[in-house]
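Here is the structure we will look at.
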Amino acid sequence: MNNKTLSIVAYITFIGWLIAYFSGKDQADNHLKYHLRQALGLFVFSVVLSIILNIIMYTTGIYFIGYLGLITPILLILGIINASNGVQKPLPIIGNWAANNFQFIG
């Protein structure tokens, strides 16, 4: 697979991220490394958001706050669109954080 395809695969579940990371580790360009960082940041964000929303929903009984979980698939779609267009644009909310905190990728 080429780096553009691996950049898209990185956003498709954590297993897709692992496939993209290990398949493209030796031939990775800046585009692939950037989207690997963004996708890993998105997965960490989604796990943390899910935990926080579940705690809030089940302790307070405010269940409609669970709709905030829709942020994750929206960011996922934006990441896939950016990767397929070859753009290194940070994702809203988490993009700069992911680019700065996952420098070990690359």
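The values are calculated or read from the model by the stated rules, or taken from the named source; none is laboratory data. On a predicted model such as this, the values are computed, not experimentally measured, just so you know. Methodologically, a virtual Cβ is constructed for each residue, glycine included, from the backbone with ideal geometry; neighbour enumeration extends over all protein chains shown. Heavy atoms of the whole protein, side chains included, go into the accessibility calculation; ligands, DNA and RNA do not. Shrake-Rupley method; radii C 1.70, N 1.55, O 1.52, S 1.80 Å.
Some observations on this one:
- Top-ranked residue in region 53-71 [being under 18 Å from the mean Cα position of the chain (by Cα) and of a type in the set (A, V, I, L, M); ranked as least open to solvent (accessible area, probe 1.4 Å)]: I71
- Residues that are in contact with a helix residue (DSSP H, G or I) (Cβ under 7 Å, 6 or more places away or on another chain), closer than 23 Å to I93 by Cβ and either among the aliphatic types (A, V, I, L, M) or open to solvent by 20 Å² or more (accessible area, probe 1.4 Å) (or both) within region 1-16 comprise I8, V9, A10, F14, listed in sequence order.
- Only one of the numbered conditions (1) under 26 Å from M1 (Cβ atoms); (2) surrounded by fewer than 18 Cβ atoms within 10 Å (Cβ to Cβ); (3) in contact (Cβ under 8 Å) with a residue 12 or more places away in the chain is violated by I81, and that is (3).
Residue-by-condition table, conditions (1) aromatic (F, W, Y); (2) surrounded by 14 or more Cβ atoms within 10 Å (Cβ to Cβ); (3) part of a helix (DSSP H, G or I); (4) in contact with a strand residue (DSSP E or B) (Cβ under 6 Å, 6 or more places away or on another chain):
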site	(1), (2), (3), (4)
L18	no, no, yes, no
S23	no, yes, yes, no
V48	no, no, yes, no
P73	no, no, yes, no
W97	yes, yes, yes, no
I105	no, yes, no, no
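- H35 vs. criteria in a helix (DSSP H, G or I) and within 11 Å of the chain's Cα centre (by Cα): yes
- Qualifying positions in region 75-94 - within 10 Å of H35 (Cα to Cα) and part of a helix (DSSP H, G or I): G79, I80, N82, A83
- In region 33-45, the condition of being free of Cβ contacts under 8 Å to residues at least 60 places away in the same chain and in contact with a Pro (Cβ under 9 Å, 6 or more places away or on another chain) is met by no residue.
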